[in-house]
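Okay, so here's the structure we're looking at.
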Amino acid sequence: MQQLSNQPRQKPLARQLFLMNGMTQKHVLILATILIFSLGTASSALAFDHLEITVVNPHMVGGFPAVTVETDFSINVRAVNSDGSTDVNADFIHAQLSSPDVAAVLPGSVYLVNGEYQFDALRFLADGQPVRLRVADADDGSVPAAEVEINCYNYVHHFDISVPAGDKFVDQAINITLTARDSEGVAVLNFQDDVVLDALVGNFPTGPTMTVNGVGFNISHGDDVRSNL
């Protein structure tokens, strides 16, 4: 009589390999699907969205960065993701500057480095309030251009000095107003240098001259002035 074995029947080797291969393929397919989904989610969260152009260390006047005609300044161009962060992979952007409103000295086009680039030694050759500075991709016209509005002022030509009406007395404090103006009489709103006043007769408490601090010297500046005649 044939004895029955208590050991479980083994599947044929070919059948085992087929089942294992089927499971492996299924697992690989699932893992690939998860990986593709993860990459798609990451890329959509950090996708390049637009360009940004800003003035470096701006002096703001009337809500705009302000510069002086024929005076160097710097700007920064940045590739911005949809979440507002810098797209460090956007080195394919070939940044090219242009000045559509006034003549300007501009550097040549440059590819971004780690998603941004600082351009130095820019100069406007004429004034305007405001004038536009624009950046675009020199290689791909489908990339939307970006621009920044800048107030560009002429050099200071002279100052207007306003003194309140009425009699003035020795050692009496009076308020005067200084207004910086260009050669055409336009107020130079971004002027912020120190101004030295000379006493033509007598002295100020500090001596024959008095320095008006230029910090925050916008359209005009008022100061307490005393005369020691």
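The values are calculated or read from the model by the stated rules, or taken from the named source; none is laboratory data. All values derive from a computational prediction rather than experimental measurement. Here Cβ is always computed from backbone atoms with ideal geometry, including for glycine, and neighbour counts include all displayed protein chains. With ligands, DNA and RNA removed, areas are computed over all heavy atoms of the protein, side chains included. Shrake-Rupley method; radii C 1.70, N 1.55, O 1.52, S 1.80 Å.
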Of those in the stretch 109-132 that are of a type in the set (A, V, I, L, M, F, W, C) and assigned to a strand (DSSP E or B), the residue surrounded by the most Cβ atoms within 10 Å (Cβ to Cβ) is Phe124
Apart from one, (1) at pLDDT 95 or above; (2) open to solvent by 20 Å² or more (accessible area, probe 1.4 Å) all hold for His59; the odd one out is (1)
Per the filter on the stretch 75-89, residues among the β-branched types (Val, Ile, Thr), under 12 Å from the mean Cα position of the chain (by Cα) and more than 16 Å from Pro144 (Cα to Cα) are Ile75
Over the stretch 146-186, the set of residues acidic (Asp, Glu), closer than 24 Å to Val102 by Cα and surrounded by 10 or more Cβ atoms within 10 Å (Cβ to Cβ) is Glu147, Glu149, Asp182
- If you check Leu189 against the conditions, is it modelled with pLDDT of 80 or more, surrounded by 11 or more Cβ atoms within 10 Å (Cβ to Cβ), within 38 Å of the chain's Cα centre (by Cα) and not in a strand (DSSP E or B)? yes
Q.
Any residue at all in the stretch 138-145 that's open to solvent by 50 Å² or more (accessible area, probe 1.4 Å), over 21 Å from Gly63 (Cβ atoms), in a strand (DSSP E or B) and acidic (Asp, Glu)?
A. no
Within the stretch 163-212, residues of a type in the set (S, T, N, Q) and either in contact with a helix residue (DSSP H, G or I) (Cβ under 6 Å, 6 or more places away or on another chain) or under 27 Å from Asp127 (Cβ atoms) (or both) come out as Thr177, Thr179, Ser183, Asn190, Gln192
Among residues of the stretch 90-108 being in a loop (DSSP other than H, G, I, E, B) and out of contact with any Gly (no Cβ under 9 Å at 6 or more places or on another chain), the residue farthest from Ala146 (Cα to Cα) is Ala103
